[in-house]
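Right, one structure below, let's go through it.
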Amino acid sequence: MLTSKSTSTFINKTISTSTFTNVCSGASPDNTIVPPASAIYDNVGNVWTLNSGYIYINGIKRTETSNVVELYWHNHTNYVGNYGSQPGEITQKNNQGQYFKSITSRYFNEYIKDYWIPCVDPSLGGTSADGTTLIGTAGTYIIDKACNTWTLSNGYIYRKKPTDTFAIKDPFMSNVSLLLWYGGLVYHRNTNEQYYVLPNNDLRPQLITQHPINAISPWLPCTDPRIPKATNAGSFYGMNGHGGYPIPPFSPATVVSLLKELGCTIYRTNVWADPIMLTPVVNLAKEFQSAGLKIFPVLDYPAYSFNNGTTKILYPDEETAYRTLKADAAAVATALMPYGIDTYECGNELTLESAIRPDRNKLGAHPTDFNNTNWPIMRGVMRGLIDGIRSVQPEARCGLNFILTDIAAADMLWDGKQPDGTSGYPQVRWNFTSWHTYGPYGHDIFNRGIGDSPDWELSPGINIPVYSKARYGVPFFITEWNAQEQFSEFYNDRKNNAIESTMLYELTGRDTNGPWWGILYGNLTKYQPMYDAFQNFTKTHPDI
């Protein structure tokens, strides 16, 4: 579980006591412009006016922007999401002809502050509808979430940023027959029917050893992201014991009883080759097998060993990490295989370790978010865990775990690349992709930020399950989550983007003074209304 991100990212912000209210019925008509209108009334009742180049909200002068000549109001029926309603979208135009739109930062449903970011002329229509396609017709375009305008002409792709005076031709791709906006990213298809995706919607070439002569294309091969992909039924409803078992007094029979009452069929728990951990998990697996349930072992090994049981020491190289973890993983699989265990998660938030991602505010969407020197060590750990299990169970399913917007991490592992852009390293292949997402922190796995800002919700967002499906073609597991509001989204999307399993964090551990995640308190008292909401959902939404 991600334990310190909320502290590093949000703790220093001054959070207002005001929160968003219901959409105001007196909001200005869509496309209101000041001037000629004297004011704009947004969805939450704020009054926006303009005087001498400055914006006033409810009569209070805003000094973060100046030289404003026009204000635009649009999308007055703006998205009302899981964490409160947006106040609509305000766009300003300055005396240089540049446009900026207001974005509101929120945390746990509370207003923090507004930001202004560059955007296109609002008369062009804002972000294109998901699924917008271009085939080269004159006058057609795609506008992405960062307000870049994309066009297609004579088999070439052109992009114009809000701050550009003219569109830039993509130097890497030709013979393009279709340009697609889907899941928050730009895709294209060439005349050979091969699809490509542009991670981060960024056309800047990746430089190998920081030398422009060695620039490589940022486009990555994929499949058509629009094609629905279903997966196995029967394990959609899962629960985490990760960090919460084995701890007395919870016997295996007690855990089985608790899970059955909740409608869960799969239980995620830590396991290592050490008998102190392995023996209780084997006993749990025995009980589960007889009850028709399964445990989901997460081999929670770090990228380092312990000296004298206390001091963390990174493995010296990829091969040492590989050999060490391969032996341990083989021992785990040998012990669990007799009890019907055939699916393993190989690592837990490994990409978040400080030796791998020095700055935990980095989202993982860019290769440079990761330490180039230590990257092979993590890759060795992952490869060793996967190969160790497969050496005992060749047909076992092994998955890798990611968090935040780790598409760059997943891509580098899949393609055998380093953070510095070099290639030719071992390509890691996994049977399912697992991800962690925490709604209370502002995470939304269907709209996950790809920017560099520590304000996660302000970055242009992408749909992680769509990207994973198109790039890797394997099932998707959400192995930690805790936003009840998103449960129906997961369920409704399971047959479109191969979401096979979701595992709530967590079964027990909720206490008055923290931690606050369990669906049960430490004494097994139900945490309400979360418990009943979860149980009712599993009863009324069959896993078929």
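Arrange the residues THR525, THR231, THR508 by how much accessible surface each exposes, largest first, with a 1.4 angstrom probe.
Details: THR525 70, THR231 45, THR508 15 Å².
Largest accessible area first, the list is THR525, THR231, THR508.
If you scale each eigenvalue of the Cα gyration tensor by 5 and take the root, what three semi-axes come out for segment 114-159, rounded to whole angstrom and sorted largest first?
Details: eigenvalues 96, 22, 16 Å².
Output for segment 114-159: semi-axes of 22, 11, 9 Å.
Strictly over 20 Å apart at the Cα level, which of LYS260/LYS526; LYS61/LYS161; LYS495/LYS526; LYS469/LYS495; LYS101/LYS469; LYS101/LYS160 would you flag in this model?
Exceeds cut-off: LYS61/LYS161; LYS495/LYS526; LYS101/LYS469.
Would you mind computing Rg(Cα) / (2.2 N^0.38 Å) for segment 354-452, counting N as its residues? Each step should come with its number before you reach the end.
Details: Rg = 14.1 Å, N = 99, 2.2 N^0.38 = 12.6 Å.
So segment 354-452 has a normalised radius of gyration of 1.12.
Tell me, rounded to the nearest percent, the portion of alpha carbon pairs in segment 322-395 spaced more than 18 Å apart. All intermediate terms of the calculation are to be shown ahead of the outcome.
Working: 1241 of 2701 pairs.
Result for the distance tail: 46 percent.
Of the listed peptides 146-155, 164-173, what is their order by residue-averaged count of other C-beta atoms within 10 Å, with the highest listed first? Can you show the working numbers first?
Numbers: 146-155: 18.8, 164-173: 13.3.
Output ranking for 146-155, 164-173: 146-155, 164-173.
How much length, in nm to one decimal, is gained on full extension between ARG429 and GLU485, taken as 0.36 nm per residue of separation minus their Cα-Cα distance?
Numbers: separation 56, 0.36 × 56 = 20.16 nm, distance 3.26 nm.
Result: 16.9 nm gained on full extension.
When you have a sec, figure out the Kirkwood radius of segment 218-351 from all distinct Cα pair distances and drop it here in Å to one decimal? Please list the in-between numbers first.
Details: mean 1/r = 0.0595 Å⁻¹.
Across segment 218-351, the inverse of the average 1/r is 16.8 Å.
Could you work out, for segment 288-334, what percent of all Cα-Cα pairs fall into each 5 Å distance bin, beginning at 0 Å and stopping at the bin that holds the largest distance?
Each 5 Å bin holds this share of Cα pairs: 5, 16, 21, 20, 15, 8, 6, 7, 2.
Would you list SER488, SER354 from the most to the least accessible area, probe 1.4 Å?
Working: SER488 50, SER354 90 Å².
Sorted descending by solvent-accessible area, the residues read SER354, SER488.
Placing +1 at every Lys and Arg Cβ and -1 at every Asp and Glu Cβ, with all other atoms neutral, what dipole size does segment 146-195 have around its Cα centre, in debye to the nearest 20?
Values: 5 positive and 3 negative charges, 24 e Å.
It works out to roughly 120 debye.
Would you rank PHE288, PHE100, PHE537, PHE306 by solvent-accessible area, highest first, keeping every protein chain in place and using a 1.4 Å probe?
PHE306, PHE100, PHE537, PHE288
Going by amide H atoms built from the backbone, whose H comes under 5 Å of the H on ASN497, apart from near neighbours?
Under 5 Å from the amide H of ASN497 lie the amide H atoms of LYS229, each far enough along the sequence or on another chain.
Any idea of the accessible area per residue across segment 464-544, 1.4 Å probe, to the nearest Å²?
Values: 3010 Å² over 81 residues.
On a per-residue basis, 37 Å².
Suppose each label sits 7 Å from its Cα in the direction of the beta carbon; what would the THR223-ARG323 distance come out to in nanometres?
Placing both labels 7 Å along Cα→Cβ, they lie 3.9 nm apart.
For ARG268, list long-range residues whose amide hydrogen, built 1.01 Å from N in the peptide plane, is under 5 Å from its own amide hydrogen.
When sequence neighbours closer than 5 places are left aside, the close amide H contacts are MET239, ASN240, GLY241, HIS242, PHE296.
From the backbone phi of segment 412-424, what are the Karplus-calculated ³J(HN,Hα) couplings (6.51 cos²θ - 1.76 cosθ + 1.60, θ = phi - 60°) in whole Hz, Gly and Pro given as x?
5, 5, 5, 9, x, 10, 9, x, 7, x, 6, 10, x
Using +1 at the Cβ of each Lys and Arg and -1 at the Cβ of each Asp and Glu in segment 300-411, identify which of PHE402, TYR301, LEU314 lies farthest towards the dipole's positive end.
Toward the positive end, the furthest listed residue is LEU314.
The values are calculated or read from the model by the stated rules, or taken from the named source; none is laboratory data. Only a predicted model underlies this, so the values are computations on that prediction, with no experimental measurement involved. In this analysis, Cβ positions are derived from the backbone assuming ideal geometry, glycine residues included, and neighbour counts consider all displayed protein chains. Heads up: the accessible areas ignore ligands, DNA and RNA and are worked out on the full protein's heavy atoms, side chains in. Shrake-Rupley method; radii C 1.70, N 1.55, O 1.52, S 1.80 Å.
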